[in-house]
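The values are calculated or read from the model by the stated rules, or taken from the named source; none is laboratory data. Since the structure is predicted, the reported quantities are computational estimates derived from the model, not experimental observations. Don't worry about glycine lacking a Cβ; one is built from the backbone with ideal geometry, like all the others, and counts go over all protein chains shown. With ligands, DNA and RNA removed, areas are computed over all heavy atoms of the protein, side chains included. Shrake-Rupley method; radii C 1.70, N 1.55, O 1.52, S 1.80 Å.
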Amino acid sequence: MKGMVRAAIAALLVATAGAALAEDGQAVAARFGALEAVQQISLSPDGSKIAYVTPHPTAGTVVYVADLTGTAPPKMAIASHGKDEQIYWCGWSSDTRLVCKIHIVYNQAGQLIGFTRAYALDADGGNAVMLSANTNRAVGIMQSGGEVIDWDVAGKPGTVLMSRAFVEQDGRDSNIATRPGGWGVEEVDTLTVKRKTVERPRSDATEYISDGHGNVRIMGTMASDPEGQLRDKVKYFFRRAGSKEWEQLSSVDTQSTGVGGFTPNAVDAKRDVVYGFDDKDGRAALYSITLDGKYLRHLELSRPDVDVDGLVRIGRDDRVVGASYATERRTVEYFDPELKKLSAALGKALPGQPQIGIIDASADEGKLLLLASSDTDPGKFYLFDKATHQLGGVLPVRPELDGMAMAPMKAITFPAADGTQIPAYLTLPVGSSGKNIPAIVMPHGGPGARDEWGFDWLVQFYAARGYAVLQPNFRGSTGYGASWYQQNGFKSWKIAIGDVLDAGRWLKAQGIAAPDKLGIVGWSYGGYAALQTSVLDPDLFKAIVAIAPVTDLEQFRGEFRGFTNFDLADKFIGQGPHVKEGSPAQNAAKIKAPVLMFHGDRDQNVKIAESRLMLGKLQGAGKQAQLVEFPGLQHSLTDSVARSRMLFESDQFLRKAMGLPAN
């Protein structure tokens, strides 16, 4: 790789970045609020080019292609414009052809509906075609534009396998017969868009898994009741090599508090096995099962303390090379001896000994696209050439933060009221003594999620502004097994919220949080937790910042009404006194601390009506509350200007509530 190419790419990404950070809060917020310069990246099969998705200067996203073997600057291949259209992923169907996915949001009769569509185009942007099927005669709505499940169709370069929704077609007044709907698989030529059905659509099918060599080996199905509501059982079927007959593999209970049964993730054609996750002693473990009809089951990896929850796959055939789990830090256990040795060596060789992740690989796996990052480093992409043993830098993830000192994230535990030790991450401001300073508790979203060690732009911003930040993995979080998950963070909200409250009490007891200088900040479920903590203990937190929060469990349930997953959401939320007792909007009168909320009005995860309801309830009870609405934005607020504003205004709000000087 030529140095001039790397310089050209870097110049493109940092064109608006200054040499040093200004000290005022607005400038710092702008740096941390800037979206990642590389939102997704992929390597061409021959390892000579990369395609990466980056934010559009105004709105939307842009895909650039860079030739890693020459000196020419990156070239734009395709762009989306407007907040409602976001290109979020691109992959290579050949050395010269890309497949890109775009997410689009439409407002249909007051209901926000999300759609995806796939496009194919040359690396220079030419010969662009829509790869998703035409739905001119569709009776229903085709939200999904399809998923590439295999890049390697034997003897047909540039052809992929795509699973997709077949929407019922109206054959009246045409020579096309009426076609039933369902989920099926097509073989699609990404240049001519010639398509051939490989798996006929089934109304109960939800998923297909290929073996990486053009053969569909696994199918997932989920039945519906007479009203069209999805049931809570997923059945998986497999095919023996060379067969077209489906045989049952496993059944999974989607409402289980644990794994719920063997869930297949990947097929290894060489070993003729399927990898998947299942329960072992109350935690998720990785197993393989033979696909020869003998069902020989082998435990590949397990842990006694946490779930094994990730597969590591590389190459055109998505070869399984390892698995991962998160204790204090995420760890990858490589099954491939060469990659295990390489990962360890690179982790030691690079500055700061960062975590190394394999993002992509050339077709022969001779070149690897890597990401090196840590708690204090937002990350940089590298290209490693196995033949020459050369490692070259490709792109930084967040060039706006270059040269800025970041605060280390430390894994700790603190005791809950019942004595249970709660795992958490504590980040103290750079240069701080860690005592008698303003502090924030930051519960994660989900609730089916957990925080992990690594770079977090939200945490680092508040640390840069002088706050200690504590992220508790409260009971109700995933990653620690079924007993830790409880019934989920809504049904078991008293336990989850109790742990979040105990996180704040620990900060005070340890002398980290200065008197009257403790706040809480959360996003999504974290926003719900931020509000609900002050229902249980109105005096602990002096300020509440809630971003896109759930505020009323009954209203949240209603957001699923009219969709096929309503019954599943209804069971997840549950019925009973906990619905009203666990809804901040229904208990707003108990909240004492001032509240600041942020919400995008195109949010499909949690509708903005939740925050508007909360605002009305708080103001009706005479409380201090404010809601900042972002027109056209969705749940993640993927807009640099909006994120910068959210950071700056939340910081100033916290400072005022804590009696700190504004700056």
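Annotations for the structure displayed:
- The alpha-carbon of LYS49 sits under 18 angstrom from the alpha-carbons of these aspartates and glutamates, leaving out residues fewer than 8 places away in its chain: ASP67, ASP95, ASP122, ASP124, ASP360, ASP364, GLU365, ASP385.
- The label-point distance for ALA128 and SER144, in a model that sets each label 7 Å from Cα toward Cβ, rounds to 2.6 nm.
- Cα-based shape type of the range 65-169, given that a ≥ b ≥ c are square roots of the gyration tensor eigenvalues and the cut on a/c is 1.5: oblate
- Around LEU654: net Lys/Arg minus Asp/Glu count, Cβ-Cβ under 14 Å: +2
- ASP292 versus GLN390: modelled label distance in nm, points set 7 Å from Cα along the beta carbon direction: 4.5 nm
- On Cα atoms only, tilt of 640-658 relative to the major axis of the chain in degrees: 20 degrees
- Checking (1) 3, 13, 22, 24, 19, 11, 5, 2, 0, 0; (2) 3, 14, 23, 28, 21, 9, 1, 0; (3) 3, 16, 27, 28, 18, 6, 2, 0, 0 against the coordinates, the calculated P(r) over Cα pairs in 10 Å bins from 0, in percent falls under label (2).
- Surface accessible to a 1.4 Å probe, GLU554 within the full protein complex, Å²: 90 Å²
- Accessible surface, 1.4 Å probe, highest first, among residues LEU299, LEU43: LEU299, LEU43
- Charges were assigned to the Cβ only: +1 to each Lys and Arg, -1 to each Asp and Glu. The resulting dipole of the chain about its Cα centre is roughly 620 debye.
- Over the chain: helical MRE at 222 nm, DSSP H runs n ≥ 4 each giving -39500 (n - 2.57), nearest 500: -5500 deg cm²/dmol
- Estimated FRET transfer efficiency when R0 is 35 angstrom, pair GLU328-ILE359 (beta carbons, to 0.05): 0.90
- Candidate residues ILE495, ILE50, ILE437: accessible-area rank, largest first, probe 1.4 Å: ILE495, ILE437, ILE50
- Flagged links, alpha-carbon separation over 27 Å, of LYS194/LYS367; LYS508/LYS617; LYS592/LYS656; LYS235/LYS294; LYS235/LYS607: LYS194/LYS367; LYS508/LYS617; LYS235/LYS607
- Within the accessible area of the range 333-437, the carbon and sulfur atoms contribute 53%, probe 1.4 Å, all protein chains present.
- Summed residue charge, Cβ within 15 Å of ALA449's Cβ, Lys/Arg positive, Asp/Glu negative: -3
- Solvent-accessible area per residue for the chain (1.4 angstrom probe, square angstrom): 41 Å²
- Difference of contour (0.36 nm per residue) and Cα-Cα distance, ALA621 to ASP539: 27.8 nm
- With the whole protein complex present, MET222 retains an accessible surface near 20 Å², based on a 1.4 Å probe.
- With DNA, RNA and ligands ignored, accessible area of PHE563 (1.4 Å probe; Å², nearest 10): 60 Å²
- Around the Cα centre of the range 24-170, unit charges on the Cβ atoms of Lys, Arg, Asp and Glu (plus for the first two, minus for the last two) sum to a dipole of about 140 debye.
- Net charge dipole size for the range 470-545 [Lys, Arg +1 and Asp, Glu -1 on Cβ; Debye, nearest 20]: 80 debye
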